[in-house]
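First comes the structure, then the notes that go with it.
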């Protein structure tokens, strides 16, 4: 995995100036600023298709498939560009990937600016909930000590699969 730049772009680097008025909300401006920063840190040019893709990921509170992302950016990018950009962001460390337990699709989620977390996934309806407390941090070191062919672990991914409250109640009936 490539490394992202460590410096966050400031407003003047993004072309925003304090004395300007904006025809968009502060929240949308923040999303645009974050999108520019992420692309800059991943050393990717801030093209309109990439900005649209990253902005849609920042606005979401759950992982999305490339097809879902493509629908959200409504014609700003073709499918190949959407997929290629997601892979570039993944390789640069800007997004994470997980597999949808129901159909095997790859789901993407913004990594930048968000705390390390895992997911609980409902195997019936596909609901995904963040698991914020990660006690597996020390597990990386422990796992590496028991491996024969690895000297270090760079990251880990962990998903929990089960039934959400709604699906569990429905299956009990």
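The values are calculated or read from the model by the stated rules, or taken from the named source; none is laboratory data. No experiment lies behind these values; they were computed from the predicted model shown. Methodologically, a virtual Cβ is constructed for each residue, glycine included, from the backbone with ideal geometry; neighbour enumeration extends over all protein chains shown.
Here are some notes:
- Test result for residue 113, exposed (fewer than 14 other Cβ atoms within 10 Å of the Cβ), under 30 Å from residue 48 (Cβ atoms) and touching a helix residue (DSSP H, G or I) at 6+ places or on another chain (Cβ under 8 Å): yes
- Residue match in segment 102-118 (condition: over 14 Å from the mean Cα position of the chain (by Cα) and at pLDDT below 80): yes
- Checklist (1) modelled with pLDDT under 90; (2) not assigned by TED's automatic domain parsing to the domain that holds residue 52 applied to residue 166, failing item: (1)
- Considering residues of segment 144-169 that are free of Cβ contacts under 8 Å to residues at least 12 places away in the same chain and assigned to a helix (DSSP H, G or I) only, the residue nearest to residue 60 (Cα to Cα): 165
- Residues that are assigned to a helix (DSSP H, G or I) and in contact with a strand residue (DSSP E or B) (Cβ under 9 Å, 6 or more places away or on another chain) were ranked within segment 88-103; the one that is surrounded by the most Cβ atoms within 10 Å (Cβ to Cβ) is 89.
- Pair list, Cβ < 8 Å and 6+ apart or interchain, from segment 76-93 residues that are at positive phi to residues that are surrounded by fewer than 16 Cβ atoms within 10 Å (Cβ to Cβ): 93/1; 93/2; 93/3
- Residue 83 vs. criteria outside the structural domain of residue 161 (by TED's automatic domain parsing), part of a helix (DSSP H, G or I) and either touching a helix residue (DSSP H, G or I) at 6+ places or on another chain (Cβ under 7 Å) or farther than 29 Å from residue 163 by Cβ (or both): yes
- Test: residue in segment 82-91 that is over 20 Å from residue 129 (Cβ atoms) and modelled with pLDDT under 90: no
- Screening residue 173 with (1) touching a residue at least 24 places away in the same chain (Cβ under 8 Å); (2) under 28 Å from residue 102 (Cβ atoms); (3) exposed (fewer than 10 other Cβ atoms within 10 Å of the Cβ) gives one miss only, at (1).
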